1. If a residue has to be at pLDDT 50 or above and either surrounded by fewer than 20 Cβ atoms within 10 Å (Cβ to Cβ) or under 15 Å from residue 112 (Cα atoms) (or both) to count, how many in the range 260-287 make the cut?
2. Criterion first (closer than 20 Å to residue 156 by Cα, out of contact with any helix residue (DSSP H, G or I) (no Cβ under 7 Å at 6 or more places or on another chain) and surrounded by 17 or more Cβ atoms within 10 Å (Cβ to Cβ)) does residue 12 satisfy it?
3. Only one of these is in contact with a helix residue (DSSP H, G or I) (Cβ under 7 Å, 6 or more places away or on another chain), within 19 Å of residue 40 (Cα to Cα) and either assigned to a helix (DSSP H, G or I) or touching a residue at least 60 places away in the same chain (Cβ under 8 Å) (or both): 177, 152, 113. Name it.
4. Can you name the condition, by its number, that residue 52 falls short on among (1) loosely packed, with under 12 Cβ neighbours inside 10 Å; (2) under 26 Å from the mean Cα position of the chain (by Cα)?
5. Kindly provide the set of residues from the range 163-174 that are farther than 12 Å from residue 29 by Cα and assigned to a helix (DSSP H, G or I), ordered by number.
6. Look through 57, 44, 32, 61 and report the one residue that is modelled with pLDDT of 90 or more and either surrounded by fewer than 17 Cβ atoms within 10 Å (Cβ to Cβ) or within 30 Å of residue 218 (Cβ to Cβ) (or both).
């Protein structure tokens with residue numbers, strides 16, 4: 001399943017660039033909305049509804065959630081097989097990313113910051129709340145973190161042409177994320193639920209903005225490798241940053257220190273967009 005996701009996600013910006021070249025913002029927002037809803041629904045419905053209906057079998061539950069995926073695959077297969085590859089896809093294809101490009105690293109850092117914030121909060125919120133004596137808020141805080149992503153995707157769906165493809169909204173959202181993370185640590189109690197929701201909103205908002213950028217900044221023949229580099233850097237950050245946060249908590253004994261690496265990534269989210277430009281990423285240099 002992990003390999004399937006790794007193949008799928010870099011392909012999606014390329015598909016949008018190829019099939020919706022004049023509506024990249026809208027196309028990215030639509031499929032991102034599907035990604036977020038697809039994450040939220042199984043996580044929310046499995047325990048209260050699906051598992052009881054299937055005699056508590058997690059295996060049967062996994063199969064049940066695979067059925068919609070199989071149906072979408074079967075519905076899309078004829079169109080995929082019938083469609084001819086674009087002209088640039090029939091030319092020799094460069095696949096190795098241009099690791100010297102500042103824009104590639106800017107995209108990767110922003111992508112990594114959104115993933116790091118999201119996964120750090122999912123990992124550390126339960127123990128942080130138990131540590132502060134508010135374990136009763138774990139469910140509410142995690143729900144706020146995850147469900148606040150949906151309004152962000154709907155907002156971008158309505159205003160995609162005005163917001164997607166511009167660095168300034170990323171900078172603003174990075175600043176909000178940094179402030180919300182500081183407030184979450186400094187204001188324990190029921191406020192944690194609010195700030196978790198704010199961070200969830202920001203991560204979804206920036207995720208969608210970032211997903212659109214390879215298709216907007218790169219040449220059509222380079223979107224796939226720019227996207228691959230962005231996801232490689234982003235998911236490496238998503239892996240390393242929570243581990244560093246856990247190590248800091250263990251070393252210092254201070255629960256709030258677990259969020260420091262995520263805060264550093266939020267700073268990167270504010271700074272990195274300045275490296276982006278209207279030039280086509282990776283189009284001028286050979287692999």
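1. First, pick out the residues of the range 260-287 that are at pLDDT 50 or above: 260-277.
This time we only want the ones that are either surrounded by fewer than 20 Cβ atoms within 10 Å (Cβ to Cβ) or under 15 Å from residue 112 (Cα atoms) (or both), so: 260-275, 277.
Number satisfying all stated conditions: 17.
2. Spelling it out, it is not the case that residue 12 is closer than 20 Å to residue 156 by Cα, out of contact with any helix residue (DSSP H, G or I) (no Cβ under 7 Å at 6 or more places or on another chain) and surrounded by 17 or more Cβ atoms within 10 Å (Cβ to Cβ).
3. 152
4. (2)
5. Scanning the range 163-174 gives 167, 168, 169, 170, 171, 172, 173, 174.
6. Of 57, 44, 32, 61, the one residue that is modelled with pLDDT of 90 or more and either surrounded by fewer than 17 Cβ atoms within 10 Å (Cβ to Cβ) or within 30 Å of residue 218 (Cβ to Cβ) (or both) is 57.
The values are calculated or read from the model by the stated rules, or taken from the named source; none is laboratory data. These numbers were taken from a predicted model, which means no experiment stands behind them. Please note: Cβ atoms are built from the backbone with ideal geometry, for glycine as well, and neighbour counts cover all protein chains shown.
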